[in-house]
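One structure below.
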Amino acid sequence: MPSGVAITGMGIISSIGQSVEENWHSLVREKHGISRVENFTTTHVDDIMVGEIKLTNEELIYRLGLPETNTFTRTALLGLCAAKEAVDQAGILDMQTYRTGLISSTSVGGMDFTERYFYDYLTEPALQRYITSHDAGDSTHKIADYLGLQGFVTTISTACSSAANAIMMGARLIQSGRLDRVIVGGADALSKFTINGFKTLMILSDGLCQPFDQHRKGLNLGEAAAYLVLESAEVVQKENKKVLAYLAGYGNANDAFHQTASSEDGEGAFLAMQKALKVAGLQATDIDYVNVHGTATPNNDLSEGRALIRIFGNQMPPFSSTKAFTGHTLAAAAAIEAVYSILALQRETAFANLNFETPMEEFVLIPETETKLTPIRKVLSNSFGFGGNCSTLIFSES
Amino acid sequence: MKKTAYINGIGAVTAQGVWSERLLADATELQQSIAPVQHPSYKEMISPAMVRRMSNGIKMGIYASQQALDEAEIAMPDAIVAGTGLGCLEDSEKFLRNVLDNDEQFLTPTAFIQSTHNTVASQIALRLQCKAYNFTYVHRSVSFESALLDALLQLQSGKATHILAGASDEISDHTYSLLQQIGYIKQDGIQESVKNSTSVGVNYSEGAVFFGLSTNKMAHTYAEIVDVRIQNDVNQVQLKDFVALFLQENNVAIEEVDALILGINGDIESDQYYTHLLADFDAVPTVYYKHLIGQFDSSSAFGLAVASQLLKHQELPKQLFWQEQERKNFRYVLLYNQFKGKDHSLVLLRAC
């Protein structure tokens, strides 16, 4: 059986913690990070709840030791915090020792600064240094340059499945022998742009989100960043690296149904899970825990639920959506949930699906409602996005 | 065993019009700082109601992709891999203006829905009803090359037989005026071609270029993609080794490179990279193309189309040559592109 690609480091910053350990503690204590927007003003402040990281940009700049005058957007700041932790954990001291790459992902990029200075840029030269921080590649460049990474660097943006695709591409580059190690993940900051975008789609909850609940009213947006370090078997052996877990399988498919809505039978999700199982050489019955996409929108949870039933039949393993902890962190979500999946493997714990009360009437799918200690050897994690982009990752214990 | 990846179809919408065998011969040099594309009629491909809602980037992407698929005779690709530097700028700006101007009130979702970076690739999938692998890369001037590398991995490993790979970038007023303000784009009124440029900045444009790639060779196949390399950071001194190593890993001697296709764009400073490289290839025919289609993040995709045409027909119109040299037979062609000294890419093609 193929063991997959070794994961030797991980880092995360989210509304439930500024490190892997802090996230773990919040998860097992069932402590969510959903609150009102505080870091910027929005007219929707009282209508929505979000997974906001309670650090200002200035605090993040201080924490990272960056010069006061810099061009880091919030996405780049969050990304760097998480990437640094991942690289530190993997014990990487010199980026040039091996062929090292970085594949990041984001949906908003530098939109947080663009929306702040959109008109002012034309008249205030002092602000113009941020103009080239708008695009999606900017935060990736900032992280690569800070880490001193000269090699393969790219960025993926496939909406809310982005980071899963970054992880997948990283694994393929290692498997093809093109890279020895690669830092993969994603970062997204909260912005007025996305808040208002999701608001117009009427899929934001005015309270705490309730994934897979009959009375779910929509999602909570969140901000976060997370990265994994993937390394080739040769590097792991040569450096005697501790392997946290393996990426055993991955699958990518398109729902080809609607620009923003998921199909009724979850075809794209079904295909992504099916492909990932095939790549991993596993059967559905081998999966011990599923970290579902579970955004808590009426459409996603119904579509994903139907796809899960198509894969698992009436033998659904323990599952939960951790988005009630962090909010939906868009492009970063799959990386956040990759870290949680690895924690689930390492510490044999299925996390709680918070705020669940009433099963959905369309099917019998009951998520874990409390932290549960249970043997976990394989975890399947789903991430789906606008544009029909569906991705599944499968992690196995080391 | 490693399979071979062939370029079997090309599609493009550019400042010179849509892709055809005559496009390069009929092209005229751009002299203005911002040049929009010459749009084809879209109504044969997209319903009028949809055309009205779609931004230029989506329309161009759909047109170019269909052209590429048709020529490559691919009805349903095994993967759609796209690149874009700035994404769906028109709709992003439109939605953002509405948010800012109306104090976050009275908004409609259409522009937001179409603002995500993966809109072009997903609209192509939707139109084809293609449920296969679907990726969008968004990394400045290697957005396209990232997509090409992804496609190459899948074709060479036998994971896919037919792939649609390409890129699209569109102009939008505000962003381009900001890029002009900081000197990325030449000032209004300056009329300089790439070759006679004496001012900072570049002539910008927009466009979409797609390729139908397959592991099977056809009678009209353009060329074989040998390899793709992407590097975040290379300084001018390291450039020589970067190129030499890439060729060496592909068992190609420097003397075997029959033509260079360079992303020279008229930015006096960063064009130094090309000057440096040319010092090692002084007897090699050198081709450029951004004087015809302008600079945009994914404009290097057009370089691949030019290279394909050169290898298929063994010649190019005179105006494509930066440096002309006698050459009877073009077998290996090397493409090199970078932007402001970052995001370097090399693509090696072989004649079939």
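Just one of A:Ala233, A:Ala248, A:Ala261 is under 21 Å from the mean Cα position of the chain (by Cα) and either surrounded by fewer than 20 Cβ atoms within 10 Å (Cβ to Cβ) or free of Cβ contacts under 8 Å to residues at least 24 places away in the same chain (or both); which is it?
On the way: A:Ala233 fails: under 21 Å from the mean Cα position of the chain (by Cα); A:Ala248 fails: either surrounded by fewer than 20 Cβ atoms within 10 Å (Cβ to Cβ) or free of Cβ contacts under 8 Å to residues at least 24 places away in the same chain (or both).
It is A:Ala261.
Helices (runs of 4 or more DSSP H) wholly in segment B:80-130 with at least 3 residues that are facing chain A (nearest Cβ under 7 Å) and open to solvent by less than 30 Å² (accessible area, probe 1.4 Å) - which ones? If you could, list the steps in order and put the result at the bottom.
Numbers: elements: B:89-101, B:110-113, B:119-128.
Passing ranges, in order: B:89-101, B:119-128.
Among all residues of segment A:329-343, there is none that is part of a loop (DSSP other than H, G, I, E, B), more than 30 Å from A:Ile183 (Cα to Cα) and touching a helix residue (DSSP H, G or I) at 6+ places or on another chain (Cβ under 8 Å).
Note on segment A:350-387: residues that are touching a His at 6+ places or on another chain (Cβ under 7 Å) and open to solvent by less than 10 Å² (accessible area, probe 1.4 Å) total 2. The set of residues from segment A:135-156 being more than 7 Å from every other protein chain (Cβ to nearest Cβ) and either modelled with pLDDT under 95 or part of a loop (DSSP other than H, G, I, E, B) (or both) comprises just one member, A:Gly148.
Residue under question is A:Val379, and the condition is that it be over 24 Å from A:Ser19 (Cα atoms), in the same structural domain as A:Ala284 (by TED's automatic domain parsing), among the hydrophobic types (A, V, I, L, M, F, W, C) and not in a helix (DSSP H, G or I); does it hold? Taking the combined requirement at face value, the residue does not satisfy it.
When residues of segment B:133-152 are filtered for being assigned to a helix (DSSP H, G or I), within 7 Å of chain A (Cβ to nearest Cβ) and over 13 Å from B:Phe339 (Cα atoms), how many remain?
Pass one, segment B:133-152, residues assigned to a helix (DSSP H, G or I): B:140-152.
Those left that are additionally within 7 Å of chain A (Cβ to nearest Cβ): B:140, B:142, B:146, B:150.
After this cut, where a residue has to be over 13 Å from B:Phe339 (Cα atoms) as well, the list is B:146, B:150.
Qualifying residue count for the region: 2.
There is no residue in segment A:361-376 that is at pLDDT below 95 and either in a helix (DSSP H, G or I) or aliphatic (A, V, I, L, M) (or both).
Mind listing just one residue for me: the one in segment B:170-188 that is in contact with a Lys or Arg (Cβ under 9 Å, 6 or more places away or on another chain), over 23 Å from B:Ala64 (Cβ atoms) and in contact (Cβ under 8 Å) with a residue 40 or more places away in the chain and, of those, farthest from the other protein chains (Cβ to nearest Cβ)? My answer is B:Gln180.
Can you work out which of the residues in segment A:63-87 that are part of a loop (DSSP other than H, G, I, E, B) and either of a type in the set (Asp, Glu) or touching a Lys or Arg at 6+ places or on another chain (Cβ under 7 Å) (or both) is least open to solvent (accessible area, probe 1.4 Å)? Filtering first and then ranking leaves A:Phe72. Looking only at segment A:160-188, residues that are within 7 Å of chain B (Cβ to nearest Cβ) and either crowded, with 24+ Cβ neighbours inside 10 Å or among the basic types (Lys, Arg) (or both) come to 3 in all.
If you filter segment A:43-62 down to residues that are assigned to a loop (DSSP other than H, G, I, E, B) and surrounded by fewer than 20 Cβ atoms within 10 Å (Cβ to Cβ), you find that the one that is farthest from the other protein chains (Cβ to nearest Cβ) is A:Leu55. Comparison of A:Thr132, A:Thr106 shows that the only residue that is at the interface with chain B (Cβ under 10 Å from one of its Cβ atoms), surrounded by fewer than 24 Cβ atoms within 10 Å (Cβ to Cβ) and within 29 Å of A:Val229 (Cβ to Cβ) is A:Thr132.
The values are calculated or read from the model by the stated rules, or taken from the named source; none is laboratory data. Note that this is a predicted model, so its numbers are computed, not measured. Backbone-built Cβ (ideal geometry, glycine too); neighbour counts: all protein chains shown. Quick note on the areas: whole protein, heavy atoms, side chains included, nothing else; ligands and nucleic acids left out. Shrake-Rupley method; radii C 1.70, N 1.55, O 1.52, S 1.80 Å.
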